[in-house]
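A.B. asks: The structure that follows is given in the form of structure tokens.
Every number here is computed from the coordinates shown, using simple stated rules; none is lab data. Keep in mind the model is a prediction, meaning the values are calculated, not measured. Heads up, the Cβs are rebuilt from the backbone with ideal geometry, glycines too, and the neighbour counts pull from every protein chain shown.
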Amino acid sequence: MRRSAFLAVLAGLVLVSAPARAGSKGTLKLLSSGSGHKQQLRLRLSPGQVGTMKVVLDMGMEVMGVRQSIPQIIQTMRIRVVKIMPNGDIKIRFELVSAKLGATSGSQQAVVAAMKSALAGMRGYAGIAIMDTRGRMNYIKSHIPAGVTPQVRQSLQSVERAMRNVSPPFPRQPVGHGARWSYTLTLTRSGIRLTQVVTYRLRSIRGDHISLGMTLRQSAPSQTMSQGGMSVKLLGMHGSGSGSVTMSLSKLVPTASSSYSSELSISAGSRNMRLKSHVRIKMSP
């Protein structure tokens, strides 16, 4: 694959947003408790409960002013509640049922071939995760098939990010219509250290059914990273996005959509490059 094509795909994988990251100590801050009747938002799942999660990912790239089309990725996962832990935490098992390319029109053949190979290497991917009733993913461990390439491993990390989107994090306090809270994380993604802030707004609440709006900001300082045996200097990155989530607190999988735009500057060898990306993600049961 040509260097520019590789960097375009790398940028897309790095910048796909995720409101939570297993093992990260995020900070949740209630900005407003909202109005009207208030209640605690807590997941109410049962052992043996099963759900299917479909994730459709569309990416567009611009490298040094030249647009590059990235094939659409469609992933389907099966999720099952294994048990409810003594402390109330929810242990779930997930497995990748299918991963394929959608539309490939306009994409470079080298990019299409590399992504097809990566998706083929994802067969057999499964894992265990534990989240609390406030939707915070506290633990995730996955089985990555032996002998996978770094590119396939990176693709599997995107599946983990989808798992972390199963539920947004909820405040400890009771909230009502219009409530707002933020969730701040400092994390490492594909070798890049970045800070992410997601702000949620409770649009509606009717019993177990809630609707949320969200905005996201990401930023990263100058740093050096290694990808695919290539040393890359990140000069800086910033991005923002928005989306919505509709879910039942008694169901495993929400309906969600989000879009995210970002720009990063990198130095690879003797070349400085500016990459812009736009990502659209749709999740549904």
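A.B. asks: Give me HIS238, HIS278 ranked fewest to most by other Cβ atoms within 10 Å of their Cβ, as a rough exposure proxy. Before the final figure, lay out each step's value.
C.D. replies: On the way: HIS238 14, HIS278 18.
The fewest-first ordering by Cβ neighbours comes to HIS238, HIS278.
A.B. asks: Gap in Å between the Cα centre of the stretch 184-216 and the Cα centre of the stretch 46-123?
C.D. replies: The stretch 46-123 and the stretch 184-216 have Cα centres spaced 19 Å from each other.
A.B. asks: Sticking with this one: What is the sum of charges, Lys and Arg at +1 and Asp and Glu at -1, for the other residues whose Cβ falls under 14 Å from the Cβ of ALA103?
C.D. replies: Details: positive: LYS100, LYS116, ARG280, LYS282; negative: ASP58.
Result for the local shell: +3.
A.B. asks: Next question. Which order results if ILE210, ILE130, ILE84, ILE90 are arranged by neighbouring Cβ count within 10 Å, fewest first? Intermediate results must be reported in sequence, preceding the final value.
C.D. replies: Working: ILE210 21, ILE130 17, ILE84 14, ILE90 26.
Fewest to most other Cβ atoms nearby, the residues stand as ILE84, ILE130, ILE210, ILE90.
A.B. asks: Another question, if that's okay. What nm value, rounded to one decimal, do you get for the distance between LYS116 and GLU263 when each label is placed 7 Å out toward the C-beta?
C.D. replies: About 3.5 nm, to one decimal.
A.B. asks: Using the number of other C-beta atoms within 10 angstrom as an exposure proxy, rank VAL81, VAL66, VAL97 with the fewest first. Each step should come with its number before you reach the end.
C.D. replies: Numbers: VAL81 17, VAL66 9, VAL97 14.
Listed from fewest to most nearby Cβ atoms, that is VAL66, VAL97, VAL81.
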